[in-house]
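Structure first, then comments.
The values are calculated or read from the model by the stated rules, or taken from the named source; none is laboratory data. Small disclaimer: the values here were computed from a predicted structure and weren't measured. Here the Cβ is made from the backbone with ideal geometry for all residues, glycine too, and neighbour counts use every protein chain on show. SASA here: full protein model, heavy atoms, side chains in, ligands and nucleic acids out. Shrake-Rupley method; radii C 1.70, N 1.55, O 1.52, S 1.80 Å.
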Amino acid sequence: MQNKNNLKKVLLLLLVLVAINLIGSRLFYRFDLTRDHRYTLSKTSLEIVAQAKEPLIVDVFLKGQFPGEFKKLQTETQQILEEFKARNSNITFQFINPLEDETQKDTLVQSFMQRGLTPVNVTVNDRGKQSQEIVFPWAIATYKGKSTKIPLLKNIMGASTAEKVVSSVQHLEYAFANAFNTVLTAKSKKIAVLKGNGEMHDLLMADFIKQVRENYFIGTFTLDSVAKKPNESLAYLKKYDLAVIAQPTEKFTDEEKLVLDQFIINGGKTLWLVDQVNIEMDSLYNDSGASLAFPRDLNLNDMFFKYGVRITPTLVKDVMAAPIALATGEKGSATQYTQYPWFYAPLVFPSSKNPIVSNLDGIKFDFASGLEVLKNDVKKTVLLQSSPYSKLVGAPVEVKLDMVTERPEQAEFKGNGNIPLAVLLEGSFHSMYQNRVLPFDEKTFKTIGIKNKMIVVSDGDVIRNQLDKNFQPLELGYDKWTNKLYGNKEFLMNCVNYLLDDNGLINIRSKEVSLPLLDQEKVYAQYSFTQWITVGVPLMVLLVFALIFTRLRRQKYAR
């Protein structure tokens, strides 16, 4: 009788297990039990990966001997990719050790660098012993022959590797979703780089153009045609979704302003990068080491005033500044360079929670002007501002290189800081030509626009990339003189994506992830104790359980 009951229980258990497996094969659900829901993909990410109808291959170059922080990045990367794969089986990924063949190490490193996959040198600490390892924190997504690179490690100046990893993990979903969107989605939005008013040369913003071209169509639009055919020029400009105005140096005519105004009123997005003071670093490299900074009249004040901002003819002097490298003498045949803080180059670390600047690295400005936010019906968000220890210097003013020797007092800046440098405007803009005589007859003229967005930055050099000795563009944000990489490129790309993003991809950047990391000093100090806790205690518990189980079994059958 007892055997029959046991057989029934076994058969019932088998039936339940078979039923669970059948249900599980038809129904799918993953439970994210993490407190910050780091493995729960956003609706936007799910919509993007659903477009992959053929194999989407992800090669991740995070395989090998890493310190604990990079192991964490490796694990988190695998987890998020598994989540993507679970949502679409067409997504496949593999982890690759690019330096597995030591004989080809130098060649492979050079090959990766030529593709823009810059390696990172990390120090591996093992109980006091240090060794250097090369890590490639990159991935490549490929779909139908189209590929794009994915940065897995965010660069943060002055941050430890652990801090960089935490920040990077927060952006893994965005990094992969943005890359998948790039290879899966056909280009549709069009960007116009405006010319005709002394704007920045394309070579000096080449890295920005190159990066933008991965997701959008981009071309030049010259406002010179407005003088002869204003109506046709306006109609042609309306075909673009975004206009980038990078460091104009010549006055805008009323006709040109009307074309831009009606482009904005009809829903065209704009990214303004404007210098209100005329001064460049190159003008200081002369025998006197000085130059006069004077106001620049672009005839745009009334236009910005109507939209809700004003760029003042001032220079921002900030104690929180990026360095410059100056020649301080010679040793043999090699010139010696020393880095000094340059107070007219504010180094801005964003504090806003807006997804455009959330968790960005420091952004470098050069001779930025102050922005004033005015009252009207348009919503304004200050994206970037100077440090609390900054002030405005009115133009005209003489700027000298020897100011690097200054040691300003903090009291000099008290109560003058937090000056806006980049502002996002959102809402229905009113035409600056409302209740005014139009400079040319435009039958489609509107006084109030549809919902729209624009970003105004009070410095054109934010978009400028340096050139190497062969006059080839370097990466935007990289300073070859100080060997520092700033967050300018990511900031500008976020601006473009936010202005043109209709599917909410940019909002994934604001996702917060709490990532616990080990305290290395405590681990080393308590290494033996930690080993005993992690290895010895489980074995002791297992031994005690075995003894108790054996004793109970003997008592049961001894009867």
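Axis of helix 172-184 versus longest Cα principal axis of the chain: the two differ by about 70°, to the nearest ten degrees.
Ordering Asp361, Asp366 by accessible area with a probe of 1.4 Å, largest first, what comes out?
The ranking, largest first, comes out as Asp366, Asp361.
Specify the angular offset, from 0 to 90 degrees and rounded to the nearest 10, of the alpha carbon long axis of helix 105-114 from the longest principal axis of the alpha carbons in the chain. Helix 105-114 sits roughly 40 degrees off the main axis of the chain.
Find which of Thr44, Leu371, Asn286 sits farthest along the positive direction of the dipole of the chain, computed with +1 on the beta-carbon of Lys and Arg, -1 on that of Asp and Glu, about the Cα centre. Highest projection toward the positive end goes to Thr44. Give me the percent of accessible area attributable to carbon and sulfur for the chain, probe 1.4 angstrom. It is 54 percent, rounded to a whole number.
Which Cα, out of Gln555, Asn121, Pro323, lies furthest along the positive dipole direction of the chain (beta carbon charges, K/R +1, D/E -1)? The Cα lying farthest towards the positive end belongs to Gln555. The structure-derived value of mean projected area of the Cα convex hull in nm² appears in the list (i) 33.4; (ii) 31.8; (iii) 38.8 under the label (iii). Note on exposure: Met303, Met113 ranked by accessible area (1.4 Å probe, complete protein assembly) read Met113, Met303, with the most exposed listed first.
What is the chain's relative contact order, in percent, from Cα pairs under 8 angstrom and six or more apart in sequence?
Numbers: 990 pairs, mean separation 75.2, N = 559.
Computed value for the chain: 13 percent relative contact order.
Say R0 is 30 Å: what FRET efficiency, to the nearest 0.05, do Glu47 and Lys379 get from their beta-carbon distance? Using R0 = 30 Å, I get an efficiency of 0.65. The modelled label-to-label distance for the pair Ala411/Lys353, using points 7 Å beyond Cα in the direction of Cβ, is 3.8 nm. Highest-first packing order for the peptide set 407-420, 540-553 is 407-420, 540-553, based on the mean count of other beta carbon atoms within 10 Å. Taking Cβ atoms as reference points and 15 Å as the exclusive limit, the residues near Gln472 contribute a net charge of 0, counting Lys and Arg as +1 and Asp and Glu as -1.
Of Glu102, Glu47, Glu173, which has the most accessible area and how do the rest follow, probe 1.4 Å?
Working: Glu102 125, Glu47 95, Glu173 10 Å².
Solvent-accessible surface, decreasing: Glu102, Glu47, Glu173.
Look at the alpha carbon pairs under 8 Å that are at least 6 residues apart: their mean separation over the length of the range 328-473 gives a relative contact order of 23 percent.
What accessible area per residue, rounded to a whole number of Å², is obtained for the range 211-342 using a probe radius of 1.4 Å? Don't skip to the end; give the middle numbers.
Values: 5730 Å² over 132 residues.
Spelled out: the 1.4 Å probe surface of the range 211-342, per residue, equals 43 Å².
If R0 equals 60 Å, the separation of the Cβ atoms of Leu14 and Ser147 corresponds to a calculated FRET efficiency of about 0.80.
Taking the longest Cα principal axis of the chain as reference, the axis of helix 537-558 is set at about 30 degrees.
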